[in-house]
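For reference, the structure is listed below as structure tokens.
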Amino acid sequence: MTDFLDISPYDDRLEKIEIECLLEAVFKRYGYDFRNYAYPSLRRRIWHRASTEQLETISLLQNLVLHDRDAFERLLSDLVIPVTEMFRDPGMFKLIRERVMPILNQSTFVRVWHAGCATGEEAYSMAIMLEESRMLSKSRIYATDISEASLQRARQGMISQDRLSLYAHNYLQGGGEQDFASYYESNHGLATLHPRILERIVFAEHNLVTDRSFNEFQIIFCRNVMIYFDTALRERVHGLLYDSLSPGGFLVLGNKESVAFTSFAGRYETWNDEYRIYRKLR
Ligand SMILES: C[S@@+](CC[C@H](N)C(=O)[O-])C[C@H]1O[C@@H](n2cnc3c(N)ncnc32)[C@H](O)[C@@H]1O
């Protein structure tokens, strides 16, 4: 009995119970399943939302998000981390441009999937590289994310002015040889990706936790998404990615991610360890 009575308001165990209840409530009410996300980062983000809403307990946050969809959307935007940039990790893009594109070019049609695309910059980058390899017209890029707010931005093809010089630099580092400015139009302080690039990309909502495979791809990028998942969820998502790749297809992960320590390790060739590029064995 004393065990219960001794619990101070923010005993770790009590906090964990409240977080589990909140995640369960979010799943039941809204269908978003964060129950197997890595705990430390989830905990930090939930507390950030609770304190921004001026709530003292996570139970109060649960009450709020259950009854108020807007409050749920605010929590959701804290739980998804839409950090991205064009030609992020330029060395990886250079390698894809120089060594993967010629292999992809052997296919009559190239399907690319950016799983967890955030606001779309990685998909824009790939579309530009496909165009420069004269492969864009025989390619279709699917860029998916759990966050409809991020996808809405992605569909607009808008590039922040204050990021243009970074992106132009990344583009050159990634082996680009054209004038990066030829890929966007600037109007009234807004840069917009050229429609010929944007129109080859299909942006759609897809949840890696709850949705299934929807096509077969020659290359899948799933970068900096699974770092937020626990081991069991990572294993499940690896299954989905594996099932979605054609034999000989490429899987590109983030620089802190790997297929090692998953049951799929033996089903891929490590094609480039530095840039976490794996090739599905035939
Ligand atoms: C840090 S961003 C990575 C963006 C991009 N891949 C990159 O590396 O530049 C992580 C993205 O994963 C998305 N995400 C998180 N959980 C997801 C899920 N269950 N299904 C699909 N996307 C998810 C988030 O909404 C966010 O946009």
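What to note about this one:
- Region 211-233, subset under 20 Å from Leu42 (Cβ atoms) and among the β-branched types (Val, Ile, Thr), residue surrounded by the fewest Cβ atoms within 10 Å (Cβ to Cβ): Thr231
- Candidates Lys280, Lys256, filtered to the one that is among the charged types (D, E, K, R) and in contact with a strand residue (DSSP E or B) (Cβ under 6 Å, 6 or more places away or on another chain): Lys280
Residue-by-condition table, conditions (1) within 23 Å of Ser246 (Cβ to Cβ); (2) free of Cβ contacts under 8 Å to residues at least 24 places away in the same chain:
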{"residue": "Thr108", "(1), (2)": "yes, no"}
{"residue": "Gly120", "(1), (2)": "no, no"}
{"residue": "Leu130", "(1), (2)": "yes, no"}
{"residue": "Arg140", "(1), (2)": "yes, no"}
{"residue": "Thr144", "(1), (2)": "yes, no"}
{"residue": "Glu148", "(1), (2)": "no, no"}
{"residue": "Gln152", "(1), (2)": "no, yes"}
{"residue": "Met158", "(1), (2)": "no, no"}
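- Any hit, region 121-133, residues being modelled with pLDDT of 95 or more, away from the ligand (no atom under 16 Å from the Cβ) and over 25 Å from Gly91 (Cβ atoms): no
- Residue within region 10-26 that is within 16 Å of the ligand (Cβ to nearest atom), open to solvent by less than 40 Å² (accessible area, probe 1.4 Å) and under 30 Å from Leu240 (Cα atoms) present: yes
- Where a residue in region 70-92 is without any contact (Cβ under 8 Å) to a residue 24 or more places away in the chain and its partner, wherever it lies, is assigned to a helix (DSSP H, G or I) and buried (at least 20 other Cβ atoms within 10 Å of the Cβ), with Cβ under 9 Å and at least six apart: Ala71/Arg49; Ala71/Leu61; Ala71/Val65
- Cross-chain or 6+ apart pairs with Cβ under 8 Å, region 161-172 first and under 15 Å from Glu185 (Cα atoms), then surrounded by 14 or more Cβ atoms within 10 Å (Cβ to Cβ) and not hydrophobic (A, V, I, L, M, F, W, C): Arg163/Glu85; Leu164/Tyr184; Tyr167/Glu85; Tyr167/Glu121
- Leu190 vs. criteria away from the ligand (no atom under 12 Å from the Cβ), assigned by TED's automatic domain parsing to the domain that holds Ile128, under 30 Å from Phe180 (Cα atoms) and open to solvent by 70 Å² or more (accessible area, probe 1.4 Å): yes
- Here is the figure for region 173-187: residues that are open to solvent by 50 Å² or more (accessible area, probe 1.4 Å) and in contact (Cβ under 8 Å) with a residue 40 or more places away in the chain total 3.
The values are calculated or read from the model by the stated rules, or taken from the named source; none is laboratory data. Everything quoted here is computed from the prediction, not taken from an experiment. Note: ideal-geometry Cβ built from the backbone for every residue, glycine included; neighbour counts use all protein chains shown. Note: areas computed on protein heavy atoms with side chains; ligands, DNA, RNA excluded. Shrake-Rupley method; radii C 1.70, N 1.55, O 1.52, S 1.80 Å.
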